[in-house]
Amino acid sequence: MILGPSNVAGKIETSFLIITAACVVLLVAVTITMLVFIYKYNRRRNPVPEDIEENLPLEVAWTVLPTLLVLGMFYFGWVDFDYIRNPPKDAMPIDVIARQWSWTFKYQDGRQTDTLRVPVGRPVKLVMTSEDVIHSLFIPAYRIKEDCVPGLKTHLWFNADQTGTFDIFCTEYCGLEHSHMRAKLIAMPATDFAAWYKTKEEAEGTNKGLELLRTKGCLGCHTTDGTRKVGPTFKGLYGSNVTVVTNGKERTTAANEDYIERSVRNPGADVVKGYPNIMPKIPVTDEELKEILEYLETLK
Amino acid sequence: MESTASECESFYHEKGKYKGILSWLMSTDHKRIGIQYLVALLTFFSVGVMLGLLIRLSLIAPGTFIGQETYNRVFSVHGIIMIFLFIIPGVPVAFGNFFLPIMIGARDVAFPRLNRFTWWTYLAGATLVALSLFAAGGAPDTGWTFYAPYSIRAKANITLAVTGVFVLGFSSILTGINFVTTIHRLRAPGMTWFKLPLFVWTLYATGWVQLLATPVLAITLVFIILGRVFGVGFFDPSKGGDPILYEHLFWTYSHPAVYIMVLPAMGIISEVIPVFARKKIFGYKAVALSAIGIASVGYFVWGHHMFTSGMSDTARIIFSFITFLVAVPSGIKIFNWVSTLYKGSIVGSAPIYFALTFIFLFSIGGLTGLIIGSLEPNLQLHGTYFIVAHFHYVMFGGAGFAILTALHYWFPKMFGRMYPERPAKIGWFILFIGFNVLYFSMFILGYEGMPRRYFDYPARYFPLHLVSTIGSWILAAGLAIIAGNLLRALFKGPKAPADPWGGRTLEWTIPSPPPAENFVETPVIRD
């Protein structure tokens, strides 16, 4: 029995190895037979061919045996599938919201993060959906993935067995920044998790505006340190002059509160020159916008 | 029957009312049409290869050579060209057109003018796809699968590209109708079903798949166009639509399409191996009927493309089960090909090098298909480089190598010239090495979790990406040698005899290249 960093990883790995081993045996058998025939029945060694057209028992044998073999492979692919797909009733639910191009993880108490933190030793159920196009949440270390589909709730579940930080990838092509739509899964000791879960946002030492930018997925495309991503950086934005394209015409405008509000509420109205017009409308309340503006003001 | 000189002149000799280029473009001769398709296919293949090389180049240093947006367009266009313009029409339109009538002792296909129209339809579809690359909105960036709702929202020229693929679909349907009718109606006296060459059997099975599956693609693409142009929400959940419906409809066609690509390829291998082993094929009926078996069961396995889509678990289990069953007839074919070598007297000419390589590479492609067709491993491997490796082994290692086999096998018949063996084998060897370096490293990348369609990736995947890219250069060198050798032979090769290989099918009984109407007298097939 192979163990992995989670309860499902080892089961999937076992199934993979059994089926792959069967495939390797078949491939080696066919290839060696072929090579032996090519060597032995070469024109130089065997100038006169013998015509053998049919051999019914042999053909029945190599129809029936492979059928049994592939059914065996099907079985080993299936044996733990029901377990892997059906979360226990007491699993801790975490909502996953995917959007171009960021992940939001929402806990039962309404807390939102961009990093998936889970306790070791407790089953976790991810209830997933998407706000725009199809995405897919893939945890390579746990060997599981499932699509996040707009208008549909899909699920995954696992029980972390080891602590550690693991990659989360998007594996359904979702447009421009698909390859950067990554996040981290942190499996923490149960006590650490409980401590983290109890502390509220303030205690994290982060700014509320920054936290909003993170959970709304803004930081998927905009940075706070001056580097260029899909969208312009937030650093030094507030109060600067930006060149934008409005209705196909270039103009320069001051990046004041009105401008930023318009850019959030109606992203296609003014598009910063040199950047693609791809920002989605993300719902932001007035209070949230205020927090964000306050934070942006500090990013000189 | 008297035979005059003009009746024996090759089909390259101009007669009729058109001269020069028009004598090709307006010809209804299945051989001329086949040659035109071949030229178009190889042109698109070359473009596709260039794009593939560009993808690999970009991946060893993301952002250095092309940007993220360009990368997404390049892999999408690589897929669209290779799938819809090269490998789906592929074997049937080029080699099927040229050889199907000859192999069954007919003078042409059942509907020669429809065949002409089909070629124009193909060209129209290809033109639309080409336009979508250069028109204002930018080349498609959706991947070749056009998954909704991304394809509904994307700003690139999706509508144009999808219309192009829609038109190409009609070309495919019409080819299917033409071939199925030809095989039913135009067989020479004595050419009973179980005397048909195996290549014809696979074209027959393929014809039915083209006929029955392609309309589903057409409908699906119309839905995409309606969604984009008129805002109809078939696949948009905010309007009551369902994105997973798109996946079902798309794969209902696109999985059988895999058999459109691979079945006739298997037909070519079934022709070539017996000729060079100097034997009849082992288990003719099993090979013929397994083609029909694959074509029929192949309709019911599309769901294995959707194991992680959110589809119900019950559906996943059923689709996985049927997927394993469809592997059996493919396995039977492989066993029969290998057994044909037994007690043969194998001549080591270039075509059999490619044919035997097909068996090896296609076996890897097929067997890894079982791994990803299994429910549990699929959870890990779906959407990763493992899938990319798998389908390149099936498409390129399978269908692609079959086309190379066919080119080397039928080159003397099609062009009336021989090519030198040595460069063909050197090219084969380099191609074989490059192919495996390029694509096998992708199996490992995928197992380690590298997602497909990624412009950028974590640094731990770099070494294998580098290996894979070096493989792509070796592969390109091999292809260049093979292409150079054949192109040179086209102009400078010595004249080919009627039957350079000792073939037993009807095309080898007539001159190389064949006369305009193939047979002076309709052949009568006896035992």
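Rule-based calculations on the coordinates, nothing more; no lab input. Predicted model only: the values in this text are computed from it and were never measured. In this analysis, Cβ positions are derived from the backbone assuming ideal geometry, glycine residues included, and neighbour counts consider all displayed protein chains.
Starting from the amide H of B:ILE346, placed 1.01 Å from N in the peptide plane, find each other amide H under 5 Å away whose residue is 5 or more places distant or on another chain.
Close amide H contacts, sequence-distant or interchain: A:ASN42, A:ARG43.
So what is the calculated 222 nm ellipticity per residue for chain B, using -39500 (n - 2.57) for each DSSP H run with n of 4 or more, over all residues, to the nearest 500 deg cm²/dmol?
Working: 18 runs with 341 residues, N = 527.
For chain B, the value works out to -22000 deg cm²/dmol.
Mind checking A:27-40 for the average number of partner chain beta-carbons within 10 Å of each residue's beta-carbon? Let's see the in-between values first.
On the way: counts 6, 0, 1, 9, 6, 0, 5, 8, 3, 3, 10, 8, 1, 5.
Taking the mean over all residues of the peptide, I get 5.
A:VAL272's amide H: which non-local residues (gap 5+, or another chain) put their own amide H closer than 5 Å, with H modeled 1.01 Å from N in plane and none for Pro or chain starts?
Distant-sequence amide H within range of A:VAL272: A:VAL245.
Report relative contact order for segment A:207-298 in percent, whole number only (criteria: Cα-Cα under 8 Å, sequence separation at least 6).
Numbers: 120 pairs, mean separation 27.4, N = 92.
Across segment A:207-298, relative contact order equals 30 percent.
Binning every alpha carbon pair distance of segment A:7-85 at 10 Å from zero, what are the percents per bin?
15, 30, 26, 16, 9, 4, 0
What ranking, highest mean first, results for peptides B:253-265, B:68-80, A:83-95 when packing means the other Cβ atoms within 10 Å averaged over each residue? If you can, show how the numbers build up before the last one.
On the way: B:253-265: 25.9, B:68-80: 21.8, A:83-95: 15.1.
Sorting B:253-265, B:68-80, A:83-95 by mean packing, highest first, produces B:253-265, B:68-80, A:83-95.
Sort B:50-57, B:81-88 for me by packing, meaning the mean count of neighbouring Cβ atoms within 10 Å per residue, highest on top.
Numbers: B:50-57: 17.9, B:81-88: 24.4.
The densest-packed peptide leads the list: B:81-88, B:50-57.
Just checking the output field for B:360-370: average partner chain Cβ neighbours within 10 Å of each residue's Cβ?
Values: counts 5, 0, 0, 6, 3, 0, 3, 10, 4, 1, 10.
Mean shielding by partner chains, rounded to a whole number: 4.
Quick one: helix B:350-373 against the long Cα principal axis of chain B, what's the angle to the nearest 10°, folded into 0 to 90?
It is inclined by approximately 30 degrees.
Within a 10 angstrom radius of each residue's Cβ in A:141-150, how many Cβ atoms of other chains show up on average? Whole number is fine. Display every interim value, and only then the final one.
On the way: counts 1, 2, 7, 4, 11, 6, 11, 1, 8, 9.
Per residue, the number of nearby Cβ atoms from other chains is 6 on average.
Could you compute the FRET efficiency for A:LEU58 and B:GLU421, with r as their C-beta to C-beta distance and R0 at 30 Å, rounded to 0.05? Walk me through the numbers before you get to the answer.
Working: r = 34 Å, r/R0 = 1.13.
E(calc), rounded to 0.05, equals 0.30.
Provide the per-residue ³J(HN,Hα) series for segment A:61-70, in order, calculated from phi with Karplus coefficients 6.51, -1.76, 1.60 and θ = phi - 60°, each as a whole number of Hz, with x at glycine and proline positions.
Taking θ as phi minus 60°, the curve returns 4, 7, 9, 6, 4, x, 4, 4, 4, 5 Hz for segment A:61-70.
Rounded to a whole number of µm²/s, how large is the Stokes-Einstein D of segment A:92-199 at 4 °C and 1.567 mPa s, given Rh as the Kirkwood radius over C-alpha pairs? Please list the in-between numbers first.
Numbers: Rh = 13.8 Å.
For these conditions, the coefficient is 94 µm²/s.
At 37 °C and a viscosity of 0.692 mPa s, what translational diffusion coefficient does Stokes-Einstein give for segment A:31-144, taking Rh as the Kirkwood radius over Cα pairs? Give it in µm²/s as a whole number. Walk me through the numbers on the way to the answer.
Values: Rh = 20.1 Å.
Translational D for this selection: 164 µm²/s.
Which ³J(HN,Hα) values, rounded to whole Hz and listed in residue order, are derived for segment B:265-281 from phi using the Karplus coefficients 6.51, -1.76 and 1.60 in 6.51 cos²θ - 1.76 cosθ + 1.60 with θ = phi - 60°, glycine and proline given as x?
Calculated HN-Hα couplings, in order: 5, 5, x, 4, 4, 5, 7, 6, 4, x, 4, 8, 8, 6, 9, 7, 5 Hz.
Using only Cα positions of segment B:27-509, each an equal point scatterer, no hydration layer, compute I(q)/I(0) via Debye at q = 0.12, 0.14 Å⁻¹ and quote the log10 values to two decimals.
-1.09, -1.54
Quick check on packing: order B:369-381, B:228-240, B:152-164 by the mean number of other C-beta atoms within 10 Å, highest mean leading.
Details: B:369-381: 26.2, B:228-240: 14.8, B:152-164: 22.0.
Top to bottom by mean Cβ count within 10 Å: B:369-381, B:152-164, B:228-240.
Where in segment A:232-296 are there trypsin sites (Lys or Arg not before Pro) that are in a DSSP coil and have at most 10 other Cβ atoms within 10 angstrom of their Cβ?
On the way: sites: A:LYS235, A:LYS249, A:ARG251, A:ARG262, A:ARG265, A:LYS273, A:LYS281, A:LYS290; in loops: A:LYS235, A:LYS273, A:LYS281.
Taking segment A:232-296 and a limit of 10 other Cβ atoms within 10 Å, the loop trypsin sites (Lys or Arg not before Pro) found are A:LYS281.
Residues with amide H under 5 Å of B:GLY241's amide H, sequence separation 5 or more or different chain, H placed in the peptide plane at 1.01 Å from N; which?
Those qualifying (amide H under 5 Å, at least 5 residues apart or on another chain) are B:ASP236.
Cα axis of helix B:68-80 to longest principal axis of chain B: angle in degrees, 0 to 90, nearest 10?
30 degrees
Quick check: residue separation of A:ARG262 and A:LEU17 times 0.36 nm, minus the Cα distance between them. What number comes out in nm? Let's see the in-between values first.
Working: separation 245, 0.36 × 245 = 88.20 nm, distance 5.48 nm.
Length gained, A:ARG262 through A:LEU17: 82.7 nm.
Give me the Å³ per residue figure for the convex hull around the C-alpha atoms of the protein assembly as shown. Let's see the in-between values first.
On the way: hull volume 137.5 nm³, N = 827.
With only Cα atoms used, the protein assembly as shown gives 166 Å³ per residue.
With just the Cα atoms defining each centre, how far is segment A:1-49 from segment B:107-161? Give it in Å.
With segment A:1-49 and segment B:107-161 each reduced to a Cα centre, they are spaced 40 Å.
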